[in-house]
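Let me give you the structure first, and then I'll get to my questions.
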Amino acid sequence: MKKDSQWWKRAVVYQIYPRSFMDSNGDGIGDIRGIVSRLGYLRDLGVDVIWVCPVYQSPNVDNGYDISDYRDIQSDFGTLDDMNELIEKAHENGIRIVMDMVMNHTSDLHPWFLEARKSKDNPYHDYYLWVDPPADGSLPNNWQSHFSGPAWKYSEECGQYYLHIFSSGQPDLNWANPELRAALKDILRFWLDKGIDGFRLDTINFISKVPGYPSVPGAKGLVRGSQFYMNGPKVHDYLHEVYEDVFSKYDIMTVGETPNVTPETALQYVDEERGELNMVFQFEHVNIDQGKTNKWDIRPWSIKEFKSIVSKWQKSLGEKGWNSIYVSNHDQARSVSRFGNDERYLKESAKVLCTMDMTLRGTPYVYQGEELGMTNVRFENISSYRDVQTLNLYKELTDAGVPEHDIMEKIYYRGRDNARTPMQWDSSENAGFTIGKPWIDVNPNYKTINAEAELADPDSVLNYYKTMIAFRKAHSVIVDGSYRECFEESDRVFSYVRENDEEMLFVVLNYSATKFTLQIPDDVDMDGAEVAVSNIGRKSFSGRVLDLRPYEAVVFLKRK
């Protein structure tokens, strides 16, 4: 690939969840050769980068985010030769490869942990986080795992508890150990030397814990102790070390998954003068509809609140940092089902979300199937679900006596399997994903929502994504232009101006199912402006009044 400083600022990234993308051998599980077979589709879509979720050796307690061998490929996904071919073929198609890297924890079947648990004197014991049992027989603290239950598990072999912020099969690593950090840096070099183009770093702001692992004060029962392990005291020292020793030596892109960051703390990770990461995933906008202490609690939200969050991040990470732009990923429910209208206005609202993603300042990420308008799924029985977080929740709430209907409604709205049903390629059996039995059922709406049908429909969500990606690449103002929000008090319209010395874009997004009239502000210079993109076929406008239709998106362009 051509050397191009900061190419990631101009890139469009496509996220692939390999298990659900394309199965090449009929075993019902998506694989690397399946990705290779669809590179033409991705090239034609116009994306520049593929972010591939973990394909390393793993017992799959958490679908690959529990790694047992960082240098080998899970047999379900293929071989190292297949991965080498993917890198080579992707580059031939002008597409870079970013791999998902998990360095906060490993699998409990990783050789390091198998050794670590043997005794306190084992050389690998200090690769993980251990505490002796409290004298009173209690747990080490009141932290709750993100996957339910306590964040500590007792090991009979060495007589200590180990920390697992996620499942008990995902023990946390001890980044305070320099030998552990050196081993992790060697793993990063292994993949970079194979020619990959960067990393998405899973829960990277979890790697530094507050010494002593204090309990959350005043809490009753188990609670998230995130203030003691997110954005911890040494996290920036560790990341700067990795940058200096590894990342700075390669022409790559790095993005960190960083829950619970504010614009101020995020800037510490992405300020170019600090030397840590290129960008981060923050979650404030996608957490807008969840309770303060429990992701499964659902709370009302408004468009005004949503756009104020987006605007805050646009303004705060404007000059020194860089934003990741997304509304969907493998851990989130489908964006059109959450932030759009997946019933009456599916096409229109999916296109509104696309228009926003492709015109904001930052690097946009498209999650597989998002470009088709894929929706949430409502499986009737819990037996159809596969996600460990969902299954643990179901058991926990069932044991607590919560009615079945109430539990399933939470899962239908929030469950991660909404995003993990197989990619809908065509209307044939299993949506063209596999000729075998898929590892998780296909969303029944694949007969009407699929890539083959949408490629043939000029008005489809897929073809609109192609249009918007091409539009973004054709106008540098989207990358380097200023950002100014309009109609800040509106609870229906999200509108903003992007401007540089050559062009001005005026973006208007109706996030409501109502039609109404909008007066263009006097400080938006529309003299000579034209309709550049419209999701409902608008060709022109006159005067300074817009009659907006439900979920209409329109981008006006003025050349200077």
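About its Cα centre, what dipole magnitude does the range 200-319 give when the only charges are +1 on Lys and Arg Cβ and -1 on Asp and Glu Cβ, stated in debye to the nearest 20? Present the calculation step by step, with values, prior to reporting the outcome.
Values: 14 positive and 17 negative charges, 165 e Å.
Around 800 debye, computed over the range 200-319.
For the range 546-560, just list the computed ³J(HN,Hα) in residue order, Karplus coefficients 6.51, -1.76 and 1.60, θ = phi - 60°, integers in Hz, with x standing in for Gly and Pro.
Karplus-based 3J(HN,Hα) across the range 546-560 equals 10, 8, 7, 9, x, 6, 8, 10, 9, 10, 9, 10, 10, 8, 9 Hz.
Please compute the length gained on full extension between Arg378 and Ala183, using 0.36 nm multiplied by the number of residues separating them and subtracting their Cα-Cα distance. Could the numbers behind the result be given before it?
On the way: separation 195, 0.36 × 195 = 70.20 nm, distance 4.30 nm.
Once the chain is fully extended between Arg378 and Ala183, it gains 65.9 nm.
Relative to the present Cα-Cα distance, how much length would full extension add between Arg274 and Glu409 at 0.36 nm per residue of separation? Working shown, then result.
Details: separation 135, 0.36 × 135 = 48.60 nm, distance 4.43 nm.
So the extension gain works out to 44.2 nm.
Between Leu109 and Tyr154, what is the FRET efficiency for a Förster distance of 22 Å, r being their Cβ-Cβ separation, to the nearest 0.05? Write out the running numbers ahead of the final one.
Numbers: r = 18 Å, r/R0 = 0.81.
Computed FRET efficiency for Leu109 and Tyr154 comes out at 0.80.
Using θ = phi - 60° and the Karplus relation 6.51 cos²θ - 1.76 cosθ + 1.60, list the HN-Hα couplings for the range 162-168 in order, rounded to whole Hz, with x at every Gly or Pro.
These are the phi-based 3J(HN,Hα) values: 10, 7, 9, 5, 9, 6, 5 Hz.
Find the relative contact order for the chain and round it to a whole percent, using C-alpha pairs within less than 8 Å whose residues are 6+ positions apart.
Working: 1120 pairs, mean separation 71.2, N = 560.
With pairs under 8 Å counted, the relative contact order is 13 percent.
Now, a different point. Determine, for Ile187, Ile411, Ile478, the number of other Cβ atoms within 10 Å of each Cβ, and report the residues in order from fewest to most. List each step's numbers first, then the result.
Working: Ile187 16, Ile411 26, Ile478 23.
Result, fewest neighbours first: Ile187, Ile478, Ile411.
Counting Lys and Arg as +1 and Asp and Glu as -1, each charge on the Cβ, what is the dipole of the range 360-518 about the Cα centre in debye, to the nearest 20?
Values: 17 positive and 26 negative charges, 42 e Å.
Magnitude of the dipole: close to 200 debye.
In debye, nearest 20: dipole of the chain around its Cα centre with unit charges on the Cβ of K, R (+) and D, E (-)? List each step's numbers first, then the result.
Values: 63 positive and 85 negative charges, 215 e Å.
Result for the chain is approximately 1040 debye, rounded to the nearest 20.
Could you tell me which residue out of Gly232, Gln268, Ala219 lies farthest along the dipole of the range 209-292 toward its positive end? Charges go on the beta carbon: Lys and Arg +1, Asp and Glu -1, centred on the Cα centre.
Ala219
Please list, in order along the range 492-507, the HN-Hα scalar couplings obtained from phi with the Karplus expression 6.51 cos²θ - 1.76 cosθ + 1.60 (θ = phi - 60°), rounded to whole Hz, x for Gly and Pro.
10, 10, 10, 9, 7, 10, 10, 8, 9, 5, 9, 9, 9, 10, 10, 9
With Rg and the Kirkwood Rh both taken from Cα atoms, where does Rg over Rh land for the chain? Working shown, then result.
Values: Rg = 23.6 Å, Rh = 24.6 Å.
Rg/Rh for the chain comes to 0.96.
Okay, next question. Set Lys and Arg Cβ to +1 and Asp and Glu Cβ to -1, take the dipole of the chain about its Cα centre, and tell me which of Val36, Thr390, Tyr446 lies farthest positive.
Tyr446
Turning to a different aspect of this structure: Taking 7 Å along the Cα-to-C-beta vector as the label spot, tell me the Glu319-Tyr243 distance in nanometres, rounded to one decimal.
Going from the Glu319 label point to the Tyr243 one covers 1.9 nm.
Find the centroid of the Cα atoms in the range 528-553 and in the range 108-155, then give the distance between the two in whole Å.
Using only Cα atoms to place each centre, the spacing works out to 59 Å.
Taking square-rooted eigenvalues a ≥ b ≥ c of the alpha carbon gyration tensor, is the range 479-559 rounded, prolate or oblate, where a/c under 1.5 means rounded and, failing that, a/b exceeding b/c means prolate?
On the way: a/c = 1.67, a/b = 1.37, b/c = 1.22.
Prolate is the answer for the range 479-559, as a/c is 1.5 or above and a/b outweighs b/c.
Return the FRET efficiency for the residue pair Thr79, Ala219: r is the Cβ-Cβ distance, R0 is 45 Å, and the value is rounded to the nearest 0.05.
Working: r = 47 Å, r/R0 = 1.05.
That pair, Thr79 with Ala219, gives E of 0.45.
For Arg10 and Ala135, what does the FRET efficiency come to when R0 = 41 Å and r is the distance between their Cβ atoms, rounded to the nearest 0.05?
Values: r = 59 Å, r/R0 = 1.43.
Here the calculated transfer efficiency is 0.10.
I need Phe228, Phe556 ordered by Cβ neighbour count within 10 Å, fewest first. Mind dumping the intermediate values first?
Numbers: Phe228 18, Phe556 22.
Going from sparsest to densest Cβ surroundings: Phe228, Phe556.
Enter the angle in degrees (range 0 to 90, nearest 10) between the Cα long axis of helix 178-192 and the first principal axis of the Cα atoms of the chain, meaning the one along which they spread out most.
40
Roughly what angle does helix 404-414 make with the longest principal axis of the chain, taking Cα atoms, 0 to 90 degrees, to the nearest 10?
Approximately 60 degrees, to the nearest 10.
Quick note: the coordinates plus some simple rules give every number you see, no bench work behind them. What you are looking at is a predicted structure, and each value in this text was computed from that prediction instead of being measured. No Cβ is skipped: glycine too gets one built from the backbone with ideal geometry, and neighbour counts run over all protein chains shown.
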